[in-house]
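No lab work stands behind these numbers, since they all come straight from the coordinates. From a predicted model like this one, the values you see are computed outputs, not experimental measurements. Quick reminder, even Gly has a Cβ in these numbers, built from the backbone with ideal geometry, and neighbours come from all protein chains shown.
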Ligand SMILES: Cc1cc2nc3c(=O)[nH]c(=O)nc-3n(C[C@H](O)[C@H](O)[C@H](O)COP(=O)(O)O)c2cc1C
């Protein structure tokens, strides 16, 4: 293979290393709907054993972000969470112009369900890299939002689907510190 491959790898490495989990974004500047949809379409190039296509995407903007917060806050009240945590959950999704919820189909077969979830995680990373490439800040969150049934309903997911990622997406206002990676655990075994 020609050495041009190294340039391509350098460019890809820089993209991968540049992706950060960041909430330093402009909550007032919208991310175009068609851009978000394109990111989701790119995400579906992730590998997927048995070609089950288990991913589901719901882009929440405008008032839908508030409704997401209300659903999570209500669940936290039921959990007996403290007032501060409840109040934060109620408004935190409005920090970014788009909150992209990524779901995964479930399967009665444990091995299939695990592989499908792995495929959705691969799709999420593909999406985050694409978002980075276009200059967007992103933040993969999980927490209580992933287990509230009303969140699945809000997103139009099936009751049996699972939420894998709640992704804040927006245009960056500043850069976050880089969490450096520890030494690579790698060996070649022959
Ligand atoms: C499955 C998964 C769930 C995550 N959930 C959260 C979360 O709920 N809150 C959070 O602050 N970060 C969350 N993160 C992001 C990590 O904290 C972040 O990737 C890590 O600190 C490394 O930073 P970097 O992504 O900028 O390299 C999650 C990451 C993954 C893969």
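Quick notes on this structure:
- Once the Cα atoms are used to define both axes, helix 63-79 deviates from the longest principal axis of the chain by about 70 degrees.
- Legend: ranking of residues 186, 12 from fewest to most surrounding C-beta atoms inside 10 Å; resulting order 186, 12.
- FRET efficiency for the residue 181 to residue 159 pair, using the beta carbon distance and R₀ = 30 Å, is estimated at 0.20.
- For the pair residue 44 and residue 9, the difference between a 0.36 nm per residue extended length and the Cα-Cα distance amounts to 10.4 nm.
- Shape call, region 57-169: gyration tensor on alpha carbons, a/c limit 1.5: oblate
- The relative contact order of region 1-102 comes to 37 percent, based on Cα pairs under 8 Å that sit 6 or more residues apart.
- Whether region 147-190 is rounded, prolate or oblate, judged on the alpha carbon gyration tensor where a/c under 1.5 counts as rounded: oblate
- For region 76-176, relative contact order (Cα pairs under 8 Å, six or more residues apart, normalised by length) works out to 38 percent.
- Crossing angle, helix 4-18 versus the chain [Cα axis fit, 0-90 degrees, rounded to tens]: 30 degrees
- Cα-based equivalent ellipsoid, the chain: semi-axes from gyration tensor eigenvalues, Å: 30, 22, 17
- Helical contribution to [θ] at 222 nm, DSSP H n ≥ 4, -39,500 (n - 2.57), averaged over the chain, rounded to 500: -14000 deg cm²/dmol
- Approximate spin-label separation residue 173-residue 112, in nm, with each point projected 7 Å along Cα-to-Cβ: 4.6 nm
- For residue 67 and residue 189, the FRET efficiency from 1/(1 + (r/R0)^6), where r spans their Cβ atoms and R0 equals 41 Å, is about 0.20.
- The packing ranking of peptides 77-89, 119-131, 14-26, 166-178, highest mean first, is 119-131, 166-178, 14-26, 77-89, where packing means the average number of other beta carbon atoms within 10 angstrom of each residue.
- Added length on full extension, which subtracts the Cα-Cα distance from 0.36 nm per residue, residue 85 to residue 52: 8.2 nm
- Percentage relative contact order, the chain, counting C-alpha pairs under 8 Å, at least six apart: 33 percent
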